[in-house]
Amino acid sequence: MPIAAVPEYLGQDFSKASPGLRFGMYLPIWGTDQRSNGALQQACALSADDKRISKALCQRQAQLFNHTPTAQGLRLYATAVAPFTTGLGIEHPLENGFAFLNPYGLPYLPGSGVKGVLRQAALDLAGGAWETSDWSLDQRHIILDRAGKRLFDASDIDVLFGREPQEGDTQHLRGVLSFWDVIPQIEGSSLMVDIMTPHQSHYYQQKPAAGSTNPHDSGAPNPIGFLTVPPKSQFAFHVVCDCPRLERLAPDLAANERWKALLTQAFEHAFTWLGFGAKTAVGYGALSRNTQAEADEAQAQAQAHAAAEQAAKMASLSANERQIAAFAQACQSRFEQLRGSRENPNTEIHAKARALAKAALEGPDDWTADEKHAAAAALAEWVPKVVNVDWKDERKKLKLAVLKGEA
């Protein structure tokens, strides 16, 4: 029976450990054939805690990004249309590793990997061999030193992604863009195990097979399993721009947020043609932009912003003004629910209207004339819309003339 190479006091039940630990330290392969994929299958399961932590990490990223000025951030959502894998080159007993984010032990795509793919996408588009785009290789940005002396010329790609000095060259440039790690929201409750089957290992490793080290059809296949994130998993990409620095280096890229349009083109090209992670040459890592998720996020942000503005406005009001505003909000909400009809008398809104009128007429002396007038205006606006009453009679009962100072 295969076991994990761990101290005896830890036991052998690691079902509550993270996938990263079960794939690494607690992988039960010792004492069995290492080519077996049974151990990988045990590492695939995601517990409820794994899903909760993954969601919490994404929410933390979203909250942090939401505090970034709109002009300085770009967020795109995408859905995996093929399996996604990354970190295969990490050392592992089963030959193929996988990138897990420590200490959470959950799959992730490093921000450096995102940057590399997008830089290649920008180069593809600027080269003109793919679809038409606004990317260019022209070195039209003059880079100056602190004394204002010209150092070298840079392209849009150099400014946004940075420029590494070539051998013998001392001129380099730090890019203005920062790319965040991506935490996939995994579809379902498990990772997947895929299989690669090299047939010519005797040739690549120079081990004689059938008397020859040359490639031939009688080479023995060698199935090798590796972990993948399943299709339909969700990805959120966050990019933050150092806009003040961008305005100094390339004002035209900062104007009208042109850098966002360029980067969006690069993302869409990468989603369709390049892919993210490992084994993209054979179709892994292909994504599709999720515009519906982006629209939902934009709507949620607009609602949150409106709620924050409303809360700030309420905080600036007096206690009496807040009471009037609360009444108007309740009426507005009820009016939208009724959709053109009106509720019967002596119901919730009618009771709120009478309570407001009574508070303004009979309450403490801290009600100013302007506040009483505002209360009367709110009652006159909303009661006829929401409550099915004889308004001429009702306005007398509410003593609106007294509130307005007309009687």
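Coordinate-derived values only; no laboratory data. Here the structure is a predicted model, which means the values were calculated and not measured. Every residue, glycine as well, gets a Cβ built from its backbone with ideal geometry; the counts of neighbours run over all protein chains shown.
Per residue, how big is the convex hull around the C-alpha atoms of the range 317-403? Give it to me in cubic angstrom, could you?
81
Tell me, what is the percent relative contact order of the chain, built from C-alpha pairs under 8 Å that lie six or more residues apart?
Working: 599 pairs, mean separation 70.3, N = 407.
Answer for the chain is 17 percent.
Applying the Karplus parametrisation 6.51 cos²θ - 1.76 cosθ + 1.60 with θ = phi - 60° to the phi angles of the range 320-334, what ³J(HN,Hα) value in whole Hz is obtained for each residue in order, glycine and proline being reported as x?
5, 5, 5, 5, 5, 5, 4, 4, 5, 5, 5, 5, 4, 4, 5
Going Cα to Cα from K55, which lysines come in below 27 Å? Please leave out same-chain ones fewer than 8 positions away.
K16, K115, K232, K260, K279
Under a GNM of the chain (C-alpha, springs under 10 Å), which listed residue has the highest mean-square fluctuation: H350, H238, H202?
H350
What whole number of Å gives the distance from the Cα centroid of the range 171-224 to the Cα centroid of the range 39-113?
Here the two parts' Cα centres lie 20 Å apart.
How large are Rg and Dmax for the range 258-343 when calculated on the C-alpha trace, in angstrom?
That works out to 23.0, 67 Å for Rg and Dmax.
Please give the length that would be gained between A312 and N222 if that part of the chain were fully extended, namely 0.36 nm times their separation in residues minus their C-alpha to C-alpha distance (nm, one decimal).
Length gained between A312 and N222: 25.9 nm.
How much length is gained if the chain between W130 and F152 is pulled fully straight, taking 0.36 nm per residue apart and subtracting their Cα-Cα distance, in nm to one decimal?
5.1 nm
What nm distance separates the two modelled labels at W273 and N214, each placed 7 Å from Cα along Cα→Cβ?
Between W273 and N214, the label points sit 3.9 nm apart.
What is the fewest-to-most order of S178, S54, S341 by other Cβ atoms lying within 10 Å of their Cβ?
Ascending Cβ contact count within 10 Å gives the list S341, S178, S54.
Can you work out ³J(HN,Hα) from phi for every residue in the range 260-275, in order, using Karplus 6.51 cos²θ - 1.76 cosθ + 1.60 and θ = phi - 60°, giving whole Hz and x for Gly and Pro?
Calculated HN-Hα couplings, in order: 5, 5, 5, 5, 4, 4, 5, 4, 5, 5, 5, 4, 7, 10, 9, x Hz.
Kindly count the pairs of lysines across the range 317-403 whose alpha carbons are less than 14 Å apart, treating pairs on different chains or eight or more residues apart as eligible.
6
Using amide H atoms built in the peptide plane, which far-off residues or other-chain residues are under 5 Å from N290 H to H?
Hits under the 5 Å cutoff: Y77, A78, T79.
Please list, in chain and number order, the residues 5+ apart from S190 or on another chain whose amide H is under 5 Å from its amide H, with Hs placed from the backbone.
Residues meeting the amide H criterion: L46.
Amide H of I3: which non-local residues (sequence gap of 5 or more, or other chain) have their own amide H closer than 5 Å, using H built in the peptide plane?
I29, W30
Using +1 at the Cβ of each Lys and Arg and -1 at the Cβ of each Asp and Glu in the chain, identify which of V387, P244, A43 lies farthest towards the dipole's positive end.
V387
For the range 71-208, what is the per residue volume of the convex hull drawn over the alpha-carbon atoms, in cubic angstrom?
With only Cα atoms used, the range 71-208 gives 240 Å³ per residue.
Computed FRET efficiency, Cβ-Cβ of E406 and A304, R0 41 Å: what is it to the nearest 0.05? Let's see the in-between values first.
Values: r = 42 Å, r/R0 = 1.02.
The calculated FRET efficiency here is 0.45.
From the phi of every residue in the range 153-165, what ³J(HN,Hα) in whole Hz does the Karplus formula 6.51 cos²θ - 1.76 cosθ + 1.60 yield, where θ is phi - 60° and glycine or proline is x?
Rounded to whole hertz, the list is 9, 10, 8, 4, 5, 4, 5, 6, 9, x, 10, 8, x.
Relative contact order for the range 317-403 using alpha-carbon pairs under 8 Å, separation at least 6, rounded to a whole percent?
Values: 69 pairs, mean separation 36.5, N = 87.
Once normalised by length, the contact order is 42 percent.
For every helix of n ≥ 4 consecutive DSSP H residues, a contribution of -39,500 (n - 2.57) applies; sum these over the chain, divide by its total residues, and give [θ] at 222 nm rounded to the nearest 500 deg cm²/dmol.
-13000 deg cm²/dmol
P(r) tail for the chain, what percent of Cα pairs lie past 39 Å?
Numbers: 40020 of 82621 pairs.
Within the chain, distances greater than 39 Å cover 48 percent of Cα pairs.
Relative contact order, percent, of the range 129-182 when contacts are C-alpha pairs under 8 Å separated by at least 6 residues?
Taking the mean separation of contacting Cα pairs over the length of the range 129-182, I get 25 percent.
Name the most mobile residue of K396, K207, K115, meaning the one with the largest mean-square fluctuation, in a Gaussian network model of the chain with Cα contacts below 10 Å.
Comparing K396, K207, K115 in a Gaussian network model of the chain, the most mobile one is K396.
With charges only on Cβ, +1 for K and R and -1 for D and E, what is the dipole size of the chain about its Cα centre, in debye, rounded to 20?
Working: 40 positive and 45 negative charges, 207 e Å.
About 1000 debye.
Count neighbours as other Cβ atoms within 10 Å of each site's Cβ, and list the trypsin sites (Lys or Arg not before Pro) in the range 10-100 that are DSSP loop with at most 15 such neighbours. Working shown, then result.
Values: sites: K16, R22, R35, K51, R52, K55, R60, R75; in loops: K16, R35.
Qualifying residues, ordered by number: K16, R35.
To the nearest 20 debye, what charge dipole does the range 265-407 have about its Cα centre, counting +1 at the Cβ of each Lys and Arg and -1 at the Cβ of each Asp and Glu?
It comes to approximately 400 debye.
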